[in-house]
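The values are calculated or read from the model by the stated rules, or taken from the named source; none is laboratory data. Bear in mind that the values here come from a model prediction, so they are computed numbers and not experimental data. Neighbour counts run over all protein chains shown; Cβ positions are idealised from the backbone, glycine included.
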Amino acid sequence: MTKSKTNRQFRPVGVPDVSLSGFWGKWQDAVCNSTAETLLDRCVEAGMLRAIDVDQPSPGIVIPIQPWGGTTQMFWDSDLGKSIETIAYSLYRQPNPKLEARADAIIDLYEKLQDEDGYVNAWFQRVQPERRWTNLRDHHELYCAGHLMEAAVAYYQATGKRKLLDVMIRFADYMIKVFGHGEGQLPGYCGHEEVELALVKLARVTGEKKYLDLAKFFVDERGREPHFFTDEAIRDGRDPASFIQKTYEYGQAHQPVRDQRKVVGHAVRAMYLYSGMADIATEYNDDTLTEALEALWDDLTTKQMYVTGGIGPAASNEGFTDYFDLPNDTAYAETCASVGLVFWASRMLGRGPDRRYGDIMEQALYNGALPGLSIDGKTFFYDNPLESSGKHHRWVWHHCPCCPPNIARLVTSIGSYMYAAADDEIAVHLYGESKASFSLANGSEVELTQNTNYPWEGSVEFKVGLKARSNFALSLRVPEWAIGATLTINGEKVDVGSHLVDGYVRLEREWTDGDRLALDLPLALRPQYANPKVRQDVGRVALMRGPLVYCAEEVDNGKDLNAIVLPRQLPAAQTSVLGDLNGAVAVDVEVMREDASDWGTPLYRSEPAKRASAKARFVPYHLWDNREPGEMLVWVQADK
């Protein structure tokens, strides 16, 4: 049985309460300068605005119905929602009246689209109105509502404009009437989770517990018998067994959520479900949910996660297969799935700082999610293999464009993942040049300034800003990889080990305006070996430096990257700053390289290729395919 958590509740700081520069500032600028407008432009080109404009004829079915019984056109509301959410966050950094006006116009269309009862969904109002609430398993109605809710909350917080928030409040109030165990109500939930975490956001911004209760209802009902999806199909005249994935594991609806211990099915759906569960666990202090989540966390991170924090190796179900099945060249590892893992990790920190969640959040953020966005903010990855023969490249758009706005909204809101606060404690989960403001329960207003060139350098300095002395705790994450981390307060050394609680240095004291902390996290280049059960990585090694996974690219090393052999004992590496990659740090390592120049014509022979000394350059994986196209490799040969 899981040890009961404390009743302290840590909630992320608001996006407007954190300003960023340095590493994350550059990424936010890329979204503000390019991605936010690009998202809207491509939504318009796809026909999404016409779909919600009641003054124009319905566009009908633009993207054909697929074998699973639906079409990606059904999700268009979610794409617009995530795009509006991205715009909202971008406005904090760069006011943009033109972009804000475009978002306002879309919101006006949604207000006009909304039915009198509160329902709003472009597909089920304008294309298939007779199919409303008839196939929650497949048709994403509540999923779309969730993304519009998140957009509404973000846009209200960014601009003070309530129109979309009021639209989604009316929709949520209508949902409360539709779903439940009362007469005429549906005891159901969405096949694609997302509305659960969105309702928590709506509850937090409105102060209305009824939205939390609805989110909890959706979580509690999932997987219960008699099974809602089975009854729904029979009621709709469909064969319950006749659907493309053939198993309720696909949407994590095969068991009640508190009984689930193995991560299965569609990766993005799983991450959104667990995020919602973690929010409910925090809000209701529900140890039964936390117990299930901790088991699921261990299942994912010890048996089913790439070294990049990528998850879901298979394209066939966009999700999970067998334990230790982690192919590199065919890795699906959808950008959205790693974004979802960041969401889940962040919410697992809601019941208190714990390094096992903070470390994975950082790993998935830098190496699983961030590769989905190019440094200029204009092109994207959907899937993220760890090896490429030179044919995998970023694209401009996609028939299912869920990933671009997902990584964009994460980048523009990253400040709220860096910091969290309880009544009497501030937690720093992620490091980056920033300034954050907090209001504590004792009335203290705290400003925390972080000066650092992280992740390129491991030195992180903090300055505490206060109007008056104040007692509270400050917890700083010490990553597991940061062997020999040191800390000083106002120049006096702190014994890190004696203050370490669940991997965070917890400093409870009376703070004074101007107090300074200096944390040093050694960024030694370190090898990573996979569990021998991961057959694809046997005899191979990956490199990490700080939180970053590194890879070799053809542009630096020529072709045949599989010929690189890394020594068992890593030699001293030289570092170089790459101006064409936003000042990224590359590492140059002495290696051996197999030489096939004298191999001859045989395909096979009795002697291996000769080896010669060489130098290999490795660059951060999240930046690959930002220069000349070519091969890429994360897991290189390891010398025995």
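Taking the residues in segment 591-640 that are among the β-branched types (V, I, T) and surrounded by 14 or more Cβ atoms within 10 Å (Cβ to Cβ) as candidates, determine which candidate is farthest from the chain's Cα centre (by Cα).
V591
Can you report the number of residues in segment 197-235 which are surrounded by 14 or more Cβ atoms within 10 Å (Cβ to Cβ) and assigned to a loop (DSSP other than H, G, I, E, B)?
5
For every residue, the table says whether it meets (1) out of contact with any helix residue (DSSP H, G or I) (no Cβ under 6 Å at 6 or more places or on another chain); (2) outside the structural domain of G146 (by TED's automatic domain parsing); (3) buried (at least 19 other Cβ atoms within 10 Å of the Cβ).
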| residue | (1), (2), (3) |
| --- | --- |
| L39 | no, no, yes |
| V44 | yes, no, no |
| S58 | no, no, no |
| V62 | no, no, no |
| Q73 | yes, no, yes |
| D77 | no, no, yes |
| T86 | no, no, yes |
| P95 | yes, no, no |
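Any chance you could count how many residues in segment 347-384 are within 22 Å of V31 (Cα to Cα) and small (G, A, S)? Even if it seems obvious, please write down each step before you answer.
Going through segment 347-384, the residues within 22 Å of V31 (Cα to Cα) turn out to be 361-384.
Those still in the list that are small (G, A, S) too: 364, 368-369, 372, 374, 377.
Qualifying residue count for the region: 6.
Which members of segment 292-315 meet the condition of being surrounded by 18 or more Cβ atoms within 10 Å (Cβ to Cβ), part of a helix (DSSP H, G or I) and of a type in the set (A, V, I, L, M)?
Within segment 292-315, A292, L293, L296, L300 meet the criteria.
Exactly one of (1) more than 26 Å from Y174 (Cα to Cα); (2) in contact with a helix residue (DSSP H, G or I) (Cβ under 7 Å, 6 or more places away or on another chain) is unmet by L109. Its number?
L109 satisfies all of (1) more than 26 Å from Y174 (Cα to Cα); (2) in contact with a helix residue (DSSP H, G or I) (Cβ under 7 Å, 6 or more places away or on another chain) except (1).
K467 - would you say it is of a type in the set (D, E, K, R), in contact with a Leu (Cβ under 9 Å, 6 or more places away or on another chain) and surrounded by fewer than 17 Cβ atoms within 10 Å (Cβ to Cβ)?
no
Within segment 540-552, identify whether any single residue is within 25 Å of the chain's Cα centre (by Cα), surrounded by 21 or more Cβ atoms within 10 Å (Cβ to Cβ) and at positive phi, and answer yes or no.
yes
Scan segment 115-127 and tell me whether some residue there is among the aliphatic types (A, V, I, L, M) and either within 25 Å of S275 (Cβ to Cβ) or in a helix (DSSP H, G or I) (or both).
yes
This table checks each residue for (1) out of contact with any strand residue (DSSP E or B) (no Cβ under 9 Å at 6 or more places or on another chain); (2) of a type in the set (K, R); (3) within 26 Å of H140 (Cα to Cα); (4) touching a residue at least 24 places away in the same chain (Cβ under 8 Å).
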| site | (1), (2), (3), (4) |
| --- | --- |
| V13 | no, no, no, yes |
| F75 | yes, no, yes, yes |
| K82 | yes, yes, yes, yes |
| L109 | yes, no, yes, yes |
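For the condition under 21 Å from R8 (Cβ atoms), charged (D, E, K, R) and either in contact with an Asp or Glu (Cβ under 7 Å, 6 or more places away or on another chain) or assigned by TED's automatic domain parsing to the domain that holds L136 (or both), what is the one hit in D279, D259?
D279
State the number of residues belonging to segment 353-384 that are modelled with pLDDT of 95 or more and out of contact with any helix residue (DSSP H, G or I) (no Cβ under 8 Å at 6 or more places or on another chain).
5
Answer yes or no: is there a residue in segment 66-73 that is part of a helix (DSSP H, G or I) and at negative phi.
Just the residues of segment 66-73 that are part of a helix (DSSP H, G or I), to begin with: 72-73.
Retained after the next criterion (residues that are at negative phi): 72-73.
Yes: one or more hits.
State yes or no: is W344 surrounded by 23 or more Cβ atoms within 10 Å (Cβ to Cβ), among the hydrophobic types (A, V, I, L, M, F, W, C) and either assigned by TED's automatic domain parsing to the domain that holds G191 or touching a residue at least 40 places away in the same chain (Cβ under 8 Å) (or both)?
The answer is yes for W344.
Considering only segment 47-58, I want to know if a residue exists there that is small (G, A, S), at pLDDT 95 or above and part of a helix (DSSP H, G or I).
Checked against the condition, which is being small (G, A, S), at pLDDT 95 or above and part of a helix (DSSP H, G or I), segment 47-58 yields at least one hit.
All but one of (1) under 34 Å from the mean Cα position of the chain (by Cα); (2) surrounded by 17 or more Cβ atoms within 10 Å (Cβ to Cβ); (3) of a type in the set (D, E); (4) part of a strand (DSSP E or B) hold for D556, so report the exception by its number.
Unmet for D556, out of (1) under 34 Å from the mean Cα position of the chain (by Cα); (2) surrounded by 17 or more Cβ atoms within 10 Å (Cβ to Cβ); (3) of a type in the set (D, E); (4) part of a strand (DSSP E or B): (4).
Answer yes if at least one residue in segment 600-623 is aliphatic (A, V, I, L, M), assigned by TED's automatic domain parsing to the domain that holds E553 and assigned to a loop (DSSP other than H, G, I, E, B), and no otherwise. If you could, list the steps in order and put the result at the bottom.
As a first pass, look at segment 600-623 and keep what is aliphatic (A, V, I, L, M): 603, 609, 612, 614, 616, 619, 623.
Filter again for assigned by TED's automatic domain parsing to the domain that holds E553, leaving 603, 609, 612, 614, 616, 619, 623.
Narrowing the set further to residues that are assigned to a loop (DSSP other than H, G, I, E, B) leaves 603, 609.
Scanning segment 600-623 turns up at least one residue that is aliphatic (A, V, I, L, M), assigned by TED's automatic domain parsing to the domain that holds E553 and assigned to a loop (DSSP other than H, G, I, E, B).
Answer with yes or no whether V200 is of a type in the set (A, V, I, L, M, F, W, C) and farther than 30 Å from A314 by Cα.
yes
Look at L289 and say whether it is of a type in the set (A, V, I, L, M), under 22 Å from Y248 (Cα atoms) and in a helix (DSSP H, G or I).
So L289 fits the description; yes.
Of the residues A88, A30, which is among the aliphatic types (A, V, I, L, M), part of a helix (DSSP H, G or I), under 30 Å from P455 (Cβ atoms) and touching a Phe, Trp or Tyr at 6+ places or on another chain (Cβ under 6 Å)?
Matching residue, one of A88, A30: A88.
Hey, among the residues in segment 578-590 that are free of Cβ contacts under 8 Å to residues at least 60 places away in the same chain and farther than 18 Å from A524 by Cβ, which one's surrounded by the most Cβ atoms within 10 Å (Cβ to Cβ)?
Quick first cut of segment 578-590, residues free of Cβ contacts under 8 Å to residues at least 60 places away in the same chain only: 578-580, 586, 588, 590.
Keeping just the survivors that are farther than 18 Å from A524 by Cβ gives 578-580.
Working: L578: 17, G579: 8, D580: 10.
In this case the residue turns out to be L578.
Which members of segment 139-193 meet the condition of being farther than 24 Å from M277 by Cβ, aromatic (F, W, Y) and buried (at least 24 other Cβ atoms within 10 Å of the Cβ)?
Y155
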